[in-house]
Structures are given as structure tokens and as C-alpha cells.
1. Using +1 at the Cβ of each Lys and Arg and -1 at the Cβ of each Asp and Glu in the chain, identify which of Gln51, Ala27, Leu123 lies farthest towards the dipole's positive end.
2. Take the cross-link list Lys56/Lys146; Lys81/Lys122; Lys81/Lys115; Lys56/Lys122; Lys56/Lys115 and give me the ones stretching past 18 Å between alpha-carbons.
3. Subtract the Cα-Cα distance of Ala27 and Glu84 from 0.36 nm times their separation in residues, and report this length gain in nm to one decimal.
4. What full-extension length gain, to one decimal in nm, is calculated for Gln19 and Glu43 as 0.36 nm per residue of separation minus the Cα-Cα distance?
5. Looking at the stretch 89-161, which trypsin sites (Lys or Arg not before Pro) are DSSP coil and have at most 16 other C-beta atoms within 10 Å of their C-beta?
6. Skipping prolines and chain starts, which residues have an amide H placed within reach, meaning under 5 Å, of the one on Leu3, given they are 5 or more residues away or on another chain?
7. Any idea how far apart Cys64 and Lys146 come out in nm if each label point goes 7 Å out from Cα toward Cβ?
8. About the Cα centre of the stretch 1-79, what is the dipole size in debye to 20, counting +1 per Lys and Arg Cβ and -1 per Asp and Glu Cβ, all else neutral?
Amino acid sequence: MALRKILSDNHPVLRTRAQEVKNINSAVSRLIDDMIETMREAEGVGLAANQVGVPKRILVASDCQEDGEVYALINPRCEEKEGEEIGVEGCLSVPGQYGQVPRCQKVTVSALNRKGEKVRLKLEGLPARILLHEMDHLDGILITDKAIRMLDPEELKSEEEST
Ligand code: CO
């Protein structure tokens, strides 16, 4: 496994719509391992492949459970959305900035896991927010596009989590 560099500052790859993965091979598996390691090192709770310069539809995210499980999804697709709530988000590719972002409260997503098996996730609250944030990355969308308001420096002090 190896750490990868996290892109920031509106790097063009962050603004590129990532491509579907057609073949889950050893390069994809290695990329997922590297993304998990890179996310943990950066103390983030999610990471999309284009954040490390690979425009493919792959993300890793924390399930927000106490044991700190991280899951990987390939070609994720949103099947159902429900409700809406506003929450504060940061982003490893938008360092030092946090914004109030409206997201669906509940989401059902289908995807492939790293073995190429179909999986279906139903999430709500923070894990849903993290997953939707990472799926936005795969479409080239950043929190600065979606935030109804970015926080000012005073408000920033209390925020820690970055995705
Ligand atoms: Co992010």
C-alpha cells in the first residue's frame, strides 16, 4: 500500500466526471487499498478516486461505526433518496473550509464491491451524507458548489471532520 497525493484547489481532475469502472483488476484493488490508507492518514471519513488523480467511479468511506470500518464502492448509483437536512461538511480537497450543505437524510445506493459483487446500501444521517459527498466528487462537484453558506473563521474552530 502507498499514500497518494490528495488534489485540491480546483485541480481539473476534481472537476472531471469520473468514468465507470469496466474491469475490476489488481490495479483497482491496489488503488482502493491506497485510498483507504490515504484517507486514514489524512484523518478523513471518505475519499473519491478523482481526489487522488484517478478519474474512475470508485470511493471509500467510513461507516461511522465505533470499530471504524471503511467500505469501498465501485460505480455507485443512487436508487432512492428521502428527506433533506442541512449539515456542516469539510473536504480533504477544500482544506480549511467548511460549509453548510443540504443533503438527503436517507439514501439507497447500489454499487459493486471490490470483488465485483453487487451491493446495496441503505444509509441515513451522517453515513448517508458522507456517501453523497463522495458521489458528488465522482461527478466533479465540490462542497463549494452546494453549500448554502461557507462558515466564517470563528465558526470553523468547532469543526473537525473532513471528507
Ligand atoms: Co470531499
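Quick note: the coordinates plus some simple rules give every number you see, no bench work behind them. Predicted model only: the values in this text are computed from it and were never measured. Neighbour counts run over all protein chains shown; Cβ positions are idealised from the backbone, glycine included.
1. About the Cα centre, the residue reaching furthest to the positive side is Ala27.
2. On the way: Lys56/Lys146 22 Å; Lys81/Lys122 10 Å; Lys81/Lys115 26 Å; Lys56/Lys122 23 Å; Lys56/Lys115 16 Å.
In this structure, Lys56/Lys146; Lys81/Lys115; Lys56/Lys122 exceed 18 Å between Cα atoms.
3. Values: separation 57, 0.36 × 57 = 20.52 nm, distance 3.68 nm.
In short, 16.8 nm is gained.
4. 6.0 nm
5. In loop regions of the stretch 89-161 (DSSP not H, G, I, E or B), the sparsely surrounded trypsin sites (Lys or Arg not before Pro) are Lys115, Lys157.
6. Amide H neighbours of Leu3, under 5 Å, 5+ apart: none.
7. 1.3 nm
8. For the stretch 1-79, the charge dipole is close to 640 debye.
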